[in-house]
Amino acid sequence: MTQADRVKWDERYLSGAYADRTHPSALLEQWIDRIPPGRALDVACGAGRNALFLAAHGFSVDAVDISGEALAIASGSERRAGLSVNWIEHDLDEPLGLTPGYALILVVRFINLPLIRELVELLAPDGFLVCEQHLVTEAEVAGPTDPAFRVKPGELKQLAQGLRIHHFEEDLTHDPDQRPVALARLVAQNLPEAG
């Protein structure tokens with residue numbers, strides 16, 4: 001990303017964009033009780049809705065975003081909720097420099113396919129990758145209009161090679177706020193090789 005990207009995202013959060021999006025990802029909600037708590041990484045966390053949900057469920061959370069304004073909002077929500085999250089302002093085009101061993105890595109609607117592949121290396125044995133991306137579609141849906149910011153059918157599943165896929169779907173659905181969306185969703189686990 002560039003300084004222009006940082007400014008763009010800061011302006012969006014300062015203007016109140018996403019302020020009504022306090023609910024966690026529906027996919028994360030569905031799987032939270034099946035993933036044992038441990039270290040979690042929320043990539044492109046925005047204002048922290050998923051990071052706070054993870055912290056409330058006993059995870060020790062690192063949450064990364066390029067926007068300092070988004071992280072300031074997240075930090076205020078964290079204080080009000082009495083939770084603890086490690087907020088990291090970082091350009092995700094640069095190396096993360098994080099220690100491997102995450103029980104859960106979450107990537108929701110931030111498309112950087114090479115980064116997702118690298119994140120797999122940060123998973124603990126038995127760790128889970130939970131990923132939700134906008135899907136290329138001809139349908140009238142919310143989300144980016146540029147197909148460069150959407151995954152092609154099957155693309156997300158290809159990134160999970162070497163992981164055990166527990167859940168994969170590509171469909172038209174509705175967000176909790178009833179906006180129509182086209183999503184690719186993946187839950188995969190880093191299982192150590194038997195031997």
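The values are calculated or read from the model by the stated rules, or taken from the named source; none is laboratory data. Computed from a predicted structure; not experimentally measured. No Cβ is skipped: glycine too gets one built from the backbone with ideal geometry, and neighbour counts run over all protein chains shown. These accessible areas exclude ligands, DNA and RNA; they are computed on the full protein's heavy atoms, side chains included. Shrake-Rupley method; radii C 1.70, N 1.55, O 1.52, S 1.80 Å.
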Practice task
Take the alpha carbon gyration tensor of region 40-103, find the square roots of its eigenvalues, order them as a ≥ b ≥ c, and report rounded if a/c is under 1.5; if not, report prolate when a/b exceeds b/c, else oblate.
Solution key: oblate
Exercise for the section: Go through (1) 14.3; (2) 10.8; (3) 12.8 and flag the label whose value is the computed mean projected area of the Cα convex hull in nm² for this structure. Expected result: (2)
Handout entry: Helix-only CD estimate at 222 nm, as mean residue ellipticity for the chain, using -39500 (n - 2.57) per DSSP H run (n ≥ 4)
Key = -7500 deg cm²/dmol
Handout entry: Per residue accessible area in Å² of the chain, where ligands, DNA and RNA are left out and the probe is 1.4 Å
Key = 50 Å²
Handout entry: With every protein chain in place, the chain: carbon and sulfur % of accessible area (1.4 Å)
Key = 50 percent
Problem - ³J(HN,Hα) computed for each position of region 54-66 - Karplus, 6.51 cos²θ - 1.76 cosθ + 1.60, integer Hz, glycine/proline x - result: 5, 4, 5, 9, x, 7, 8, 10, 9, 10, 10, 7, 6
Handout entry: Positive minus negative residues near residue 104 (Lys, Arg vs Asp, Glu; Cβ under 14 Å)
Key = -4
